[in-house]
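The values are calculated or read from the model by the stated rules, or taken from the named source; none is laboratory data. Everything quoted here is computed from the prediction, not taken from an experiment. Ideal geometry is used to build each Cβ from the backbone, glycine not excepted, and the neighbour counts take in all protein chains shown. With ligands, DNA and RNA removed, areas are computed over all heavy atoms of the protein, side chains included. Shrake-Rupley method; radii C 1.70, N 1.55, O 1.52, S 1.80 Å.
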Amino acid sequence: MSAERPLDEQVRLDYRDSVAWITIDRPGSGNALSPPCRDRLRDVLNGLNTSHRARCAVITAAGDRFFCTGADLRHSYDDPDRSTEVPDRIMGDARRMMLDGQYALFDALLDCDVPVIAAVNGTAAGMGAHLALACDLVIAGDRAKFVEVFARRGLVPDALGPWLLPRIIGVRRTMELFLLAEDLPADRAHEYGLVNRVVPHDEVQPAAAEWAERLATGPSRSFALTKWLVNRSLDADRASMAHDEAVAVELNTATEDAAEGVASFQQRRPPEWKGY
């Protein structure tokens, strides 16, 4: 069974030049993320900030039916260290598991220094949909679909969906997706603004590779600061945003790529970005 395979086979990390390809490889489970796989994905993303081996990342999945169907609900949460006198679940357990689990993953994704592309090759449901939508760019195959599945199970939307979706598509469409829980095909997701590009199913990874290779040869520190500014802008007032922009510009001027950008302009030649 897939749960018995090593974690680095269930969430694979491969480097192709300066691009980190992260592949969820649990097709027998709909590429759902068990807690260990979720934490492995978090650690991989956090590791990209310090290794500097990759200047862009792509998250995709094995198989041709599922991108990620969310959390693996079949996983057992038994705590072997809990006394037999204590109930299996008490108030506070779910909150702690969420903060230490899925929210730590989304912090790692949203705060990752390198641009992250979602290459959505199939169904993205629940947390899996939000995993794709939290990426900086989203490329979906024409057979992909997004499903806010929570209402179908009598659950409350989580995995930062109530934070992400209103900011991308507005409150009305968000409520439609959450309350009706209908499948959203890739073309409609593109129309809503959830997806950057829709390509034929077999071209998802090549299309992601094209963008990734372009980003991996760009001014990486500028990209990191751009991500920081855009993510902060959703919750910042104008004065705070002006201050943040000034800080970002100040930091960026100290990079070698910023100096290269000015020099290449003055010398009328293409820039040669180093990534630092």
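Could you give me D for segment 1-153, from Stokes-Einstein at 25 °C and 0.890 mPa s, where the hydrodynamic radius is the Kirkwood radius over C-alpha pairs? Units µm² s⁻¹, please.
152 µm²/s
Could you run the Debye sum over the Cα atoms of segment 160-214, one equal point scatterer each and no solvent, and tell me log10 of I(q)/I(0) at q = 0.16 Å⁻¹, two decimals?
The Debye formula, applied to the Cα set alone, gives -0.59.
Can you give the convex hull volume per residue for the Cα atoms of segment 144-262, as a whole number of Å³?
139 Å³
For the chain, what is the convex hull volume of its Cα atoms per residue in Å³?
Expressed per residue, the convex hull around the Cα atoms of the chain is 160 Å³.
About its Cα centre, what dipole magnitude does segment 146-222 give when the only charges are +1 on Lys and Arg Cβ and -1 on Asp and Glu Cβ, stated in debye to the nearest 20?
Charge dipole, segment 146-222, about its Cα centre: 380 debye, nearest 20.
With a 1.4 Å probe and all protein chains left in place, how much accessible area per residue does segment 32-128 have, in Å²?
Per residue, segment 32-128 has 49 Å² of solvent-accessible surface.
Could you sort 98-106, 84-92, 125-133 so that the peptide with the highest average Cβ count within 10 Å comes first and the rest follow in order?
125-133, 98-106, 84-92
Which whole-number percent is the relative contact order of the chain (Cα, under 8 Å, 6+ apart)?
That works out to 17 percent.
Tilt of helix 171-180 relative to the longest C-alpha principal axis of the chain, in degrees (0 to 90, nearest 10)?
Helix 171-180 sits at roughly 30 degrees to that axis.
In µm²/s, what is D for segment 1-64 at 10 °C and 1.306 mPa s, where D = kT/(6 pi eta Rh) by Stokes-Einstein and Rh is the Kirkwood radius from Cα pairs?
Diffusion coefficient, whole number: 132 µm²/s.
Consider a paramagnetic label point 7 Å from the Cα of Ser233 along Cα→Cβ; state which residues of segment 161-196 have an amide N under 16 Å from it.
Of the residues in segment 161-196, 167-170 have backbone N under 16 Å from the label point off Ser233.
How many percent of all Cα-Cα pairs in segment 140-190 sit more than 12 Å apart?
Everything past 12 Å amounts to 63 percent.
What angle do you read, to the nearest 10 degrees and between 0 and 90, between the alpha-carbon axis of helix 35-51 and the longest principal axis of the chain?
Value to nearest ten degrees: 10.
Report, to the nearest 10°, how far helix 256-266 tilts away from the longest principal axis of the Cα atoms in the chain, using its own Cα long axis and a range of 0 to 90°.
40 degrees
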